[in-house]
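The values are calculated or read from the model by the stated rules, or taken from the named source; none is laboratory data. Treat the numbers as computed from the prediction; the structure is a model and nothing was measured. Cβ: placed from backbone, ideal geometry, glycine included. Neighbour counts: every protein chain shown. Areas reflect the complete protein model, heavy atoms only, side chains present, ligands, DNA and RNA absent. Shrake-Rupley method; radii C 1.70, N 1.55, O 1.52, S 1.80 Å.
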Amino acid sequence: MAIDVGIDRLIRPEVATVGGYVASKSPDTLEGKVEVPVEDIIKLDANENPYGCSPRVNQALASYPYLNIYPDDGQTELRKLLAGYAGVDAGHIVAGSGSNQLIDLILRLLLSNGDEVINCVPTFGLFRFSTELCGGTLVEVPRDENFALDVTAIKAAISKKTKIIFLVNPNNPTGTITPRQDILEILDTGLPVLVDEAYYEFSGQTVVPLVSQYDNLMVLRTFSKWAGLAGLRIGYGLFPPKIADYLLRIKIPYNVNVAALVAVRESLKDINYLMGATKAMIAERGRLFAELEKIEWLKPFPSQANFIFCLVLNGKASQLQQGLQDKGILVRYFDTPRLENSIRISVGKPEHTDALIKALREIGEKLNV
Ligand SMILES: Cc1ncc(COP(=O)(O)O)c(C=O)c1O
């Protein structure tokens with residue numbers, strides 16, 4: 001007989017109410033539930049890179065001899081490599097198992113119970129998730145109808161308890177770019193500001209050169225998108241050196257595995273290849289946007305990232321997502337107060353765009369929209 005020790009009583013109250021993060025679906029879990037074999041599923045729901053990683057990464061990992069040895073906990077080589085790519089001194093860099101891990105780490109460093117975090121919604125869901133887990137209080141500042149930041153409202157939301165302001169540039173899921181002047185104005189508040197540049201390579205806009213000038217600026221980047229390494233989990237942040245030191249001190253040991261280190265090493269030797277794929281996605285983003293604009297019941301928003309956000313003007317986004325999934329095409333849908341009846345479509349290869357547009361037209365006819 002099972003003994004009930006009342007586990008629920010033991011859970012931290014601020015954690016007990018956390019709903020969890022809704023991650024993208026793994027195609028394997030859809031076996032038998034969609035009209036196509038799993039290997040033919042077109043995955044446009046998590047902004048991954050359809051061209052994959054550099055072939056050099058596959059080759060190097062196939063023969064890597066030291067999987068039995070822990071990685072360098074101080075990330076010496078990794079920090080140097082990442083610093084070289086980003087154009088800063090290695091003292092500014094901390095690497096994480098995905099940039100997501102660094103969001104969690106920054107909040108653990110800064111937040112005490114009840115401290116406030118300013119979040120400009122709608123935006124990346126992980127900020128809410130990690131803030132709640134760390135016992136912080138979210139102060140949500142709405143973006144305007146075109147999803148631009150409202151700098152005046154952000155400044156007005158600052159209180160004595162504010163510990164950090166989160167910005168994503170370009171924003172996920174809307175693709176919106178924030179003008180540099182707005183970021184500068186927010187930096188001038190003197191509060192810690194985190195600019196998540198996960199999609200930098202698709203936008204070309206960055207505040208990284210400012211990291212050495214501002215001791216309240218933190219920037220996050222990732223190899224998940226442009227470098228096609230989402231599965232290996234490697235991201236990094238650029239911080240004022242003092243914050244970098246603290247983060248290195250409080251991270252779990254060996255937080256980035258050796259496969260990720262090898263992958264960064266090889267990716268950076270193959271920048272031309274990776275930038276070729278990135279350019280192809282940028283070109284395809286333009287074509288996808290033009291095709292989506294032709295569908296009368298969708299309203300796509302201009303994007304500087306590798307995805308396009310669309311309002312569904314007629315019909316339900318949830319049904320549309322399900323209809324596409326049945327046909328083996330995965331997209332993300334949203335139905336929350338700040339993201340009503342909308343979908344986000346990652347930019348794929350040209351053939352993925354063709355299949356998506358065909359499926360959208362078929363579903364549109366069937367749903368009579
Ligand atoms: C804004 C933003 N930051 C971070 C990430 C995740 O990056 P990583 O895979 O490096 O954890 C994503 C992924 O979708 C994202 O959209």
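Considering only residues that are surrounded by 15 or more Cβ atoms within 10 Å (Cβ to Cβ) and among the small types (Gly, Ala, Ser), look in the range 195-208 and name the one that is nearest to the ligand (Cβ to nearest atom).
The extreme case among them is ALA198.
Residue check, PHE129 against (1) within 13 Å of the ligand (Cβ to nearest atom); (2) in a loop (DSSP other than H, G, I, E, B); (3) in contact (Cβ under 8 Å) with a residue 60 or more places away in the chain, all met but one. Which one?
Among (1) within 13 Å of the ligand (Cβ to nearest atom); (2) in a loop (DSSP other than H, G, I, E, B); (3) in contact (Cβ under 8 Å) with a residue 60 or more places away in the chain, PHE129 violates only (2).
Report whether or not ARG108 is in contact (Cβ under 8 Å) with a residue 60 or more places away in the chain and over 24 Å from the mean Cα position of the chain (by Cα).
The answer is no for ARG108.
Taking the condition of being part of a helix (DSSP H, G or I) and either within 16 Å of the ligand (Cβ to nearest atom) or hydroxyl-bearing (Ser, Thr, Tyr) (or both), how many residues in the range 182-194 meet it?
Of the residues in that region, 1 qualify.
How many residues are within 15 Å of the ligand (Cβ to nearest atom), in contact (Cβ under 8 Å) with a residue 24 or more places away in the chain and open to solvent by 40 Å² or more (accessible area, probe 1.4 Å) if we restrict to the range 209-250?
Matching residues across the range 209-250 total 2.
If you go through the range 306-321 one residue at a time, do you hit one that is among the aromatic types (Phe, Trp, Tyr) and assigned to a helix (DSSP H, G or I)?
Checking the range 306-321: not a single residue is among the aromatic types (Phe, Trp, Tyr) and assigned to a helix (DSSP H, G or I).
Need the failing condition index for THR174 against (1) open to solvent by 10 Å² or more (accessible area, probe 1.4 Å); (2) in contact with a Phe, Trp or Tyr (Cβ under 6 Å, 6 or more places away or on another chain); (3) polar (S, T, N, Q), just the number.
(1)
Pull up the range 22-38, narrow it to residues that are closer than 23 Å to PHE307 by Cβ and not hydrophobic (A, V, I, L, M, F, W, C), then point me to the one that is surrounded by the most Cβ atoms within 10 Å (Cβ to Cβ).
For the range 22-38, the residue satisfying everything is PRO27.
Out of (1) assigned to a helix (DSSP H, G or I); (2) open to solvent by 60 Å² or more (accessible area, probe 1.4 Å); (3) within 16 Å of the ligand (Cβ to nearest atom), what's the single condition that is false for LEU102?
Of everything listed in (1) assigned to a helix (DSSP H, G or I); (2) open to solvent by 60 Å² or more (accessible area, probe 1.4 Å); (3) within 16 Å of the ligand (Cβ to nearest atom), LEU102 misses just condition (2).
Name the single residue that is farthest from the ligand (Cβ to nearest atom) among those in the range 143-181 being in a loop (DSSP other than H, G, I, E, B) and of a type in the set (Lys, Arg).
LYS160
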